[in-house]
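Inspection log for the structure reproduced underneath, given as structure tokens.
No value in this document is a laboratory result; all are computed from the given coordinates. None of these values were measured; they are calculated from a predicted model. Note: ideal-geometry Cβ built from the backbone for every residue, glycine included; neighbour counts use all protein chains shown.
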Amino acid sequence: MKVNGTPYRSLWWEENAQALQIIDQRWLPYDFRIEQLETLAEYCEAITGMHVRGAPLIGATAAYGMALAARLDPSDGNLDAAWAALNATRPTAINLRWALDRCRKALRPLVEADRAAAALRLAHDIADEDVEINRRIGQHGLEIIKEIAAKKPAGEPVRLLTHCNAGWIATVDWGTATSPMYQAHDAGLDIHVWVDETRPRNQGALTAWELGSHGISHSYITDNAGGHLMQHGQVDMVITGTDRTTRNGDVCNKIGTYLKALAARDNNVPFYVALPSPTIDWTVSDGVREIPIEERAGREVSHVQGALPDGMIGTVEVTPKGSGVGNPAFDVTPSRLVTGLITERGVCDASAEGLAGLFPEFAASG
Ligand code: MRU
């Protein structure tokens with residue numbers, strides 16, 4: 001996608017520096033900063049500290065981290081240590097472990113002399129595959145938006161609601177939940193997107209920045225506004241991303257997603273989840289009980305970051321001194337509240353049968 005007219009991916013390999021470049025998302029939407037990652041510690045901090053974020057992007061970044069480790073020391077011991085360090089960075093998004101396992105499994109059978117080059121090629125493959133997966137999710141999601149548009153009175157936009165940022169900067173490109181939006185807009189469909197603020201880290205501001213850069217009509221709303229808008233017929237479809245979806249279609253995503261799904265069900269608003277296959281955890285059936293939910297620092301809740309009048313980026317404290325703070329970063333929406341899963345292979349029911357129908361080879365081995 002473009003930033004100020006220049007096409008970008010959210011990460012890219014710089015041949016001259018032989019190093020990964022990332023967009024440091026801590027400063028968005030106020031400032032566009034690029035960071036070069038050179039050590040394994042920098043990779044780990046980039047993921048834990050959310051310089052990069054979003055399940056698919058975390059996975060791709062970790063794959064490049066494994067490539068760095070393989071270049072420095074391709075022994076089994078070092079690769080295992082890198083796997084463990086990167087895997088410990090964030091607990092909820094399964095794409096991280098998916099990418100790390102894929103790298104380790106591919107490198108193990110190779111002689112050490114071949115591992116560095118193979119690891120870098122694999123990281124490039126994982127990044128490129130992510131772009132293609134998301135492009136396809138967008139095509140399938142576009143069909144749903146077209147169906148909704150066909151039933152709307154002439155001149156009325158299709159109104160979508162999204163939570164968090166499952167946009168191109170949360171993936172390598174296109175995004176998952178945003179890919180249908182980009183493709184609908186590019187196909188000339190009239191859409192408007194309600195963008196949940198997504199406290200505490202305000203990932204909605206990233207989504208608003210993305211959509212605005214692409215010329216897509218949108219409104220930034222508080223996290224509590226969605227139910228009201230649905231009651232008043234202002235939302236035609238909810239579409240979110242996911243950090244881990246179980247084999248039977250329970251969806252773990254950014255905290256607050258579950259409440260949107262409840263409101264959508266109560267108001268007969270279709271609730272779709274854009275789901276790239278690396279985000280399916282085939283080993284888990286009960287999302288509420290089995291998926292580890294990341295608990296992040298209380299400071300993310302007690303303080304709010306923003307641009308100050310002088311253009312500097314700063315934080316202000318919003319809670320009284322002495323108040324306790326809780327910060328679970330994700331929640332699980334049970335499959336029964338999900339209208340459909342939009343995958344790269346098509347749309348299916350949020351159920352074991354639905355997912356197994358599209359991905360029989362994985363369902364069998366899970
Ligand atoms: O904590 P974050 O910002 O990494 O959480 C991101 C989300 O919850 C996204 O919705 C999810 O990773 C899907 S990104 C395509």
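Applying the criteria of a DSSP loop state and at most 13 other Cβ atoms within 10 Å to the trypsin sites (Lys or Arg not before Pro) of region 1-81 yields Arg33. Fully extending the segment from Lys105 to Ala41, taken as 0.36 nm per residue of separation minus the present Cα-Cα distance, adds 20.8 nm. The simple spin-label model puts a point 7 Å past each Cα toward its Cβ; for Arg121 and Ile313 those points are separated by 3.7 nm.
So which trypsin sites (Lys or Arg not before Pro) in region 305-366 end up in coil per DSSP with only 12 or fewer other C-beta atoms within 10 Å?
Numbers: sites: Lys321, Arg336, Arg345; in loops: Lys321, Arg345.
Loop-located and lightly packed - Lys321.
Per-residue Karplus couplings for region 162-173, computed as 6.51 cos²θ - 1.76 cosθ + 1.60 with θ equal to phi - 60°, are listed in order as 10, 10, 6, 10, 10, x, 5, 7, 8, 10, 7, 7 Hz, Gly and Pro entered as x.
Using 0.36 nm per residue, how much length does the chain from Ala81 to His228 gain when fully extended, once their Cα-Cα distance is taken away? Spell out each step's value before the answer.
Details: separation 147, 0.36 × 147 = 52.92 nm, distance 4.90 nm.
Fully extending the segment from Ala81 to His228 adds 48.0 nm.
Tell me the relative contact order for region 2-129 as a rounded percent, counting alpha carbon contacts under 8 Å between residues six or more apart.
Contact order relative to length: 21 percent.
Helix-only estimate, please: 222 nm mean residue ellipticity of the chain, summing -39500 (n - 2.57) across DSSP H runs of length 4 or more and dividing by its residues, to the nearest 500.
Working: 13 runs with 149 residues, N = 366.
One gets -12500 deg cm²/dmol as the mean residue ellipticity at 222 nm.
Working from label points 7 Å from Cα in the Cα-to-Cβ sense, the Lys152 to Arg33 distance is 3.8 nm.
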